[in-house]
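As structure tokens, the structure follows; a few thoughts come after it.
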Amino acid sequence: MTKTFYILISIFFLSCEINQNKKTTDKEPNILFIIADDMGKDALNGYAEGTIKPHTPHLDAIRKSGVNFTNFWTYPTCSPTRASMITGKYGYRTDVTWANQKLNENEVLLQKYISENTDDSYTTAVVGKWHISGYDTTINPETFGIDYYAGIFIGSVKDYYNWPLSEKGKQTISKEYTTKKFTDLAFNWINEQEKPWFMWLAYNAPHTPFHIPPAEMHSQGDLPPYTKDVDPTPYFMASIEAMDFQIGKLLNSISKKDRENTIIIFLGDNGTEPIVTQDPYDKNQVKRSLYQGGINMPLFVSGKGVERKGSDNNLITSTDIFATIAEIAGVDIDEINDSKSFKSLFSEKKSIRKYQYAEMKNKKNDAWTISNGTYKLLVFADGNEEMYHLINDPYEKSNILNSPLTTVEKKTKEALEAELLRIRN
């Protein structure tokens, strides 16, 4: 054999060795995607809604160092929001339009899509609340193409300190405060990775029940055990503060090099629980409703590749998470299913949508809504309709359909109805 041949063979094996041990590169950012449960704008700093705010220095830092998307729409309950993000499809296409409904096992989820379209360049994990397989605990989320899953399979726990932990297809009982346990599981998994990673970290906080976090994690003082006779707000705020505490702990545990190569996406999955809702939202306009308090949620992004800072008012829906994260991971795509990537907004100011859409359907209610950013139309299956001017009436107090419409309003309503017809057919 020639000397040149031996040199080529040596280069080949050296290359294999390097690839086997490669760390994250500048072209492949780590993706940390964090979901808060039942936490609207009225429960977070940086938003005008609500007067009582939690102490959240880590979330504040993430928001202030990146882009805050103020017109982000989700679904009114947990399961359809999560299903829409992980499939890039509207709920009526997946039959997940309300809490506890089951996602078809034939759906191609975001993690599998990334793996198939990036030559398996990422390792993927979901830690925390799953809640898109109904009550069918025979399902292991890893069968959807996720490398690792550990967390709460259904929508909530009865006790933050005594709950069923699902991991690798098996279930045990955990006695650790859920928010801390999820953070530890996320850190342990991240710390083991050699390739770029995508961590979907779904806290169940601050979802009910209102169980007091460990004292070092919050600033709400020495709270007595919660009962229905006391104000739930401090307990709710304590849960948010504990989540922020653990997010800070997780970020500080990641090496400086990997942290600099990590993009962070944080959002709330749906509106605040009515019992802890604050003005200007009415209690029937938050979680479980299609009003702004139920679907217009916090979303901010910072870290690797995010060059802009401040607020952005683009119309974004929860389905858009799919294409956005896929594009961040290196998939050459800006639109798929019902999902449009907003990754370009990390570095430039532009418009990506003319309309945004959400819906709800359960045994009692069937409704859908659409907005062009200025006007919002709600249509109910029973024939009722409502329409609001969101610039003049952001909290939907005055239904303009109760009065004769102007020419502009009539034309706008017709355009919204036409777009609804296009989306739903």
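Does region 274-283 contain at least one residue that is under 20 Å from His58 (Cβ atoms) and surrounded by 17 or more Cβ atoms within 10 Å (Cβ to Cβ)? Talk me through it step by step, then tell me what you get.
To start, the set of residues in region 274-283 that are under 20 Å from His58 (Cβ atoms) comprises none.
Within region 274-283, none of the residues are under 20 Å from His58 (Cβ atoms) and surrounded by 17 or more Cβ atoms within 10 Å (Cβ to Cβ).
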- Note on the structure: Of (1) open to solvent by less than 40 Å² (accessible area, probe 1.4 Å); (2) outside any loop (DSSP other than H, G, I, E, B); (3) on the phi < 0 side of the Ramachandran plot, Val157 satisfies every one except (2)
- Query: Name the pairs: first residue in region 268-289 and more than 17 Å from Asn71 (Cα to Cα) and free of Cβ contacts under 8 Å to residues at least 24 places away in the same chain, second residue open to solvent by 40 Å² or more (accessible area, probe 1.4 Å) and in a loop (DSSP other than H, G, I, E, B), Cβ to Cβ under 6 Å, at least 6 apart or on different chains?
  - Reply: Pro274/Lys283
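For Leu103, state whether it is of a type outside the set (Gly, Ala, Ser), open to solvent by less than 10 Å² (accessible area, probe 1.4 Å) and either farther than 22 Å from Trp197 by Cβ or more than 15 Å from the chain's Cα centre (by Cα) (or both).
Working: of a type outside the set (Gly, Ala, Ser): yes; open to solvent by less than 10 Å² (accessible area, probe 1.4 Å): yes; either farther than 22 Å from Trp197 by Cβ or more than 15 Å from the chain's Cα centre (by Cα) (or both): yes.
So Leu103 passes the test.
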- Task: State yes or no: is Ile391 farther than 18 Å from Ser289 by Cβ and open to solvent by 70 Å² or more (accessible area, probe 1.4 Å)?
- Result: yes
- Message: Restricting to region 356-383, name every residue that is touching a strand residue (DSSP E or B) at 6+ places or on another chain (Cβ under 6 Å) and surrounded by fewer than 17 Cβ atoms within 10 Å (Cβ to Cβ).
- Response: Phe380, Ala381
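Give the residue that is farthest from the chain's Cα centre (by Cα), with candidates limited to residues of region 223-261 that are among the hydroxyl-bearing types (Ser, Thr, Tyr) and buried (at least 22 other Cβ atoms within 10 Å of the Cβ).
Step one: list which residues in region 223-261 are among the hydroxyl-bearing types (Ser, Thr, Tyr), which gives 226-227, 233, 235, 239, 253, 255.
Filter again for buried (at least 22 other Cβ atoms within 10 Å of the Cβ), leaving 235, 239.
Details: Tyr235: 23, Ser239: 18 Å.
Here the residue is Tyr235.
If you take the residues of region 332-350 that are of a type in the set (Ser, Thr, Tyr) and in a loop (DSSP other than H, G, I, E, B), which of them is most open to solvent (accessible area, probe 1.4 Å)? Outline the logic, then answer.
If we filter region 332-350 for residues that are of a type in the set (Ser, Thr, Tyr), which is where we start, we get 339, 341, 344, 347.
Checking the rest, the ones that are also in a loop (DSSP other than H, G, I, E, B) come to 341, 347.
Details: Ser341: 11, Ser347: 60 Å².
Top of the filtered list is Ser347.
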- Item | Failed condition for Ala215, given (1) more than 19 Å from Tyr160 (Cβ to Cβ); (2) open to solvent by 10 Å² or more (accessible area, probe 1.4 Å); (3) among the small types (Gly, Ala, Ser) | (1)
- Task: Would you confirm whether any residue within region 363-372 is aromatic (Phe, Trp, Tyr), in a strand (DSSP E or B) and either touching a Phe, Trp or Tyr at 6+ places or on another chain (Cβ under 8 Å) or over 23 Å from Asn313 (Cα atoms) (or both)?
- Result: yes
- Task: Answer with yes or no whether Asp332 is under 18 Å from the mean Cα position of the chain (by Cα) and acidic (Asp, Glu).
- Result: no
- Task: For region 129-150, enumerate the residues that are β-branched (Val, Ile, Thr) and open to solvent by less than 10 Å² (accessible area, probe 1.4 Å).
- Result: Ile132, Ile146
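The values are calculated or read from the model by the stated rules, or taken from the named source; none is laboratory data. Just so you know, these numbers come straight off a predicted model, no measurement behind them. Please note: Cβ atoms are built from the backbone with ideal geometry, for glycine as well, and neighbour counts cover all protein chains shown. Quick note on the areas: whole protein, heavy atoms, side chains included, nothing else; ligands and nucleic acids left out. Shrake-Rupley method; radii C 1.70, N 1.55, O 1.52, S 1.80 Å.
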